[in-house]
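Structure record follows, encoded as structure tokens.
Any read-out appearing in this document is the output of simple, stated calculations on the displayed coordinates, not a laboratory observation. These numbers come from a predicted model, not from an experiment. A quick note on method: Cβ atoms are made from the backbone with ideal geometry, for glycine too, and the neighbour counts reach across all protein chains shown.
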Amino acid sequence: MKKLGVLALILLPLLGSAQLFEGEEFEYTREWIWGFNKNTNGGLIGGVMIRHSRKKADDVYHTFGLELSNVKHPSESRYIGLSGAGFIYGKSNYLYAIRTTYGLEKLMYRKANQQGVQISFAGAAGPTFGLVTPYYVLSADQQYDQFSLIKHPSPQSIAGPGKIFQGLNESDFAPGLNAKGSVFFEFGTYRSNVAGVEVGVLAEAFTKEIVLVPSQPNKTVFTSVFFTLFWGTRK
């Protein structure tokens, strides 16, 4: 609830400023945007996204999106190993979520030419292709193994993290579904350029339990609040 309150404080000034600008409006039929995501289930950068929009009716657009996110367990914490590199003790798997979405976007306040803030509400849903990838660590005996409480009973038994992309070829497939609702604030200076932020909530359900940290409760349904910084073009 505290996170939602912070989001509300961010949104209110933007909602008010959208009504201060009047002038020639810019009509567009197509748009491409891409950006970086920060969410309550991710790290510093939670994921990346790309989205294409096409005009359906006045102020309504079809949207087609693709997202890639690294979903983390809330109990994850970083330790420094004997090698000086960081690792996550207790984690046995990554969850990479590849989301494809179809949705609708409704413009609520259209931006005037070269001024103001455009505000729209959007909803989207679609299949998620989850990759459950083993999390490898470098043991104190200099062997690379997937994390296990039996092999690694304490953080001191780990020298450091595994190699980049190690275990990717051992990934298991976990199908799922995702749905999200969000608000877009777009304030690009020029007609053909897009820049702004998206703030919303996401729910995602998989067909099986995703074991990220074996010693903690794991789940099939993940929910998060997210913030996306995006750029793009339109015409």
- Amide H neighbours of Tyr135 under 5 Å, at least 5 residues apart or on other chains, H built in the peptide plane: list them. Asn93, Tyr94, Phe147
- Dividing the convex hull volume of the Cα atoms of segment 41-177 by its residue count, what figure in Å³ per residue is obtained? 148 Å³
- Item | Relative counts (whole %) of C-alpha pair distances in segment 127-224, using bins that are 5 Å wide | 3, 11, 14, 14, 14, 12, 11, 9, 7, 4, 2, 1
- Could you order peptides 58-70, 150-162 by the average number of other Cβ atoms within 10 Å of their residues, highest first? 58-70, 150-162
- Consider all pairwise Cα distances in the chain and report the whole-number % of them above 29 Å. 39 percent
- So what J values fall out for segment 70-81 if you push phi through Karplus, 6.51 cos²θ - 1.76 cosθ + 1.60 with θ = phi - 60°, rounded to Hz, Gly and Pro as x? 9, 8, 10, 7, x, 8, 5, 9, 8, 10, 9, x
